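The structure appears right after this line, and notes come after that.
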Amino acid sequence: MGQLQRLGALGEMSSMIAHELNQPLAGIRNYASGIVRRLRNGHAEPTPLLQASEEIEQLAARAAATVQRVRSLSQRRVHARAPVGLQTLLEHSLAAFRAALPPDQMLTVQCDAVPDLILDVDSLQIEQVLLNLLRNGLDAMRDVPPEQRELRIACKATTEGLCVAVIDRGAGLGALPPERLFEPFFTTKQDGVGLGLAICKRVIEAHGGNIEARSNAPGPGLTVAFTLPRESAEAAASREEAAHA
Ligand SMILES: Nc1ncnc2c1ncn2[C@@H]1O[C@H](COP(=O)(O)OP(=O)(O)OP(=O)(O)O)[C@@H](O)[C@H]1O
Ligand SMILES: [Mg+2]
């Protein structure tokens with residue numbers, strides 16, 4: 001990365017952090033001032049002090065989670081590429097997704113036949129992408145009757161490599177231009193940070209692929225699809241070599 005580009009990225013990152021941390025920090029300051037005021041005035045009843053302290057705890061946790069996510073967003077480079085089977089990668093992502101669901105969550109997750117492919121990727125990062133997409137799909141079906149909530153994963157081998165789509169039956173895009181979804185901090189959710197898809201885009205582009213969203217036709221719902229390039233001939237050859245060594 002050139003010096004100018006680096007400065008640009010730094011500026012972008014700093015404004016993201018500033019933007020997103022301002023709110024919890026202001027909240028923490030207000031609650032802390034309230035506590036100080038009460039203690040100074042001799043109003044030391046435990047209940048309101050406890051409530052304010054709990055609010056501070058939550059705001060600090062949210063700020064920490066944001067820092068964590070901005071940090072992973074700034075990792076444009078792929079750190080740990082290694083050969084991994086597509087099937088394994090999908091299984092890991094689905095297991096992590098299911099583990100985080102509340103036990104009474106009604107949801108059908110379908111996975112179409114998976115092509116027998118080896119990918120040369122940072123598997124943790126790609127699993128994170130899939131998790132973000134599945135999570136968004138589920139969020140989008142909040143107002144859909146539970147028995148109709150359905151997520152589908154469709155994978156297709158192409159001449160360039162692989163295309164993976166996560167398809168939901170949720171609220172869809174409405175009048176939103178699809179590229180807005182990938183802007184950092186764009187969110188329509190009350191508790192959303194708006195970094196999920198921005199992170200997905202960074203990760204996929206760092207792997208040489210691309211990601212896009214499109215409304216399902218016929219609806220309802222949205223499809224978010226990403227591509228990954230085919231494992232290079234050299235990478236495949238050195239893998240074969242290592243396997244036979
Ligand atoms: N499957 C989907 N269906 C409809 N809208 C979606 C879908 N996925 C994303 N969106 C829209 O794009 C916005 C941005 O998504 P993104 O994942 O970046 O952030 P988020 O889910 O709001 O917050 P978080 O940072 O916690 O992921 C969402 O708030 C939502 O409005
Ligand atoms: Mg999200």
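The values are calculated or read from the model by the stated rules, or taken from the named source; none is laboratory data. Keep in mind it's a predicted model, so treat the numbers as computed, not measured. FYI the Cβ positions are ideal-geometry reconstructions off the backbone, even for glycines, and counts take in every protein chain you see. For accessibility, only protein heavy atoms count, side chains too; no ligands or nucleic acids. Shrake-Rupley method; radii C 1.70, N 1.55, O 1.52, S 1.80 Å.
For residues that are open to solvent by 50 Å² or more (accessible area, probe 1.4 Å), within 12 Å of ligand 2 (Cβ to nearest atom) and either assigned to a helix (DSSP H, G or I) or within 26 Å of Asp120 (Cα to Cα) (or both), tally how many sit in region 140-188.
Of the residues in that region, 0 qualify.
Looking only at region 220-231, how many residues end up being open to solvent by 10 Å² or more (accessible area, probe 1.4 Å), within 11 Å of ligand 1 (Cβ to nearest atom) and not in a strand (DSSP E or B)?
Going through region 220-231 one residue at a time, the tally reaches 1.
Answer yes or no as to whether Leu222 is within 13 Å of ligand 2 (Cβ to nearest atom) and of a type in the set (A, V, I, L, M, F, W, C).
Working: within 13 Å of ligand 2 (Cβ to nearest atom): yes; of a type in the set (A, V, I, L, M, F, W, C): yes.
Against the criterion (within 13 Å of ligand 2 (Cβ to nearest atom) and of a type in the set (A, V, I, L, M, F, W, C)), Leu222 qualifies.
Would you point out the residue of region 31-67, among those that are of a type in the set (Gly, Ala, Ser) and in a loop (DSSP other than H, G, I, E, B), that is farthest from the chain's Cα centre (by Cα)?
Taking region 31-67 first, the residues of a type in the set (Gly, Ala, Ser) are 32-34, 42, 44, 52-53, 60-61, 63-65.
From what's left, in a loop (DSSP other than H, G, I, E, B): 42, 44.
Values: Gly42: 46, Ala44: 42 Å.
If we take residues in region 31-67 being of a type in the set (Gly, Ala, Ser) and in a loop (DSSP other than H, G, I, E, B), then Gly42 is farthest from the chain's Cα centre (by Cα).
One residue is enough: does region 112-130 have a residue meeting the conditions at pLDDT below 85 and open to solvent by less than 30 Å² (accessible area, probe 1.4 Å)?
no
With the requirement that a residue be open to solvent by less than 20 Å² (accessible area, probe 1.4 Å) and either assigned to a helix (DSSP H, G or I) or within 13 Å of ligand 1 (Cβ to nearest atom) (or both), what does region 198-208 give you?
Looking only at region 198-208, we keep the residues that are open to solvent by less than 20 Å² (accessible area, probe 1.4 Å), and these are 198-200, 203-204, 207.
Those that are open to solvent by less than 20 Å² (accessible area, probe 1.4 Å) and either assigned to a helix (DSSP H, G or I) or within 13 Å of ligand 1 (Cβ to nearest atom) (or both): Ala198, Ile199, Cys200, Val203, Ile204.
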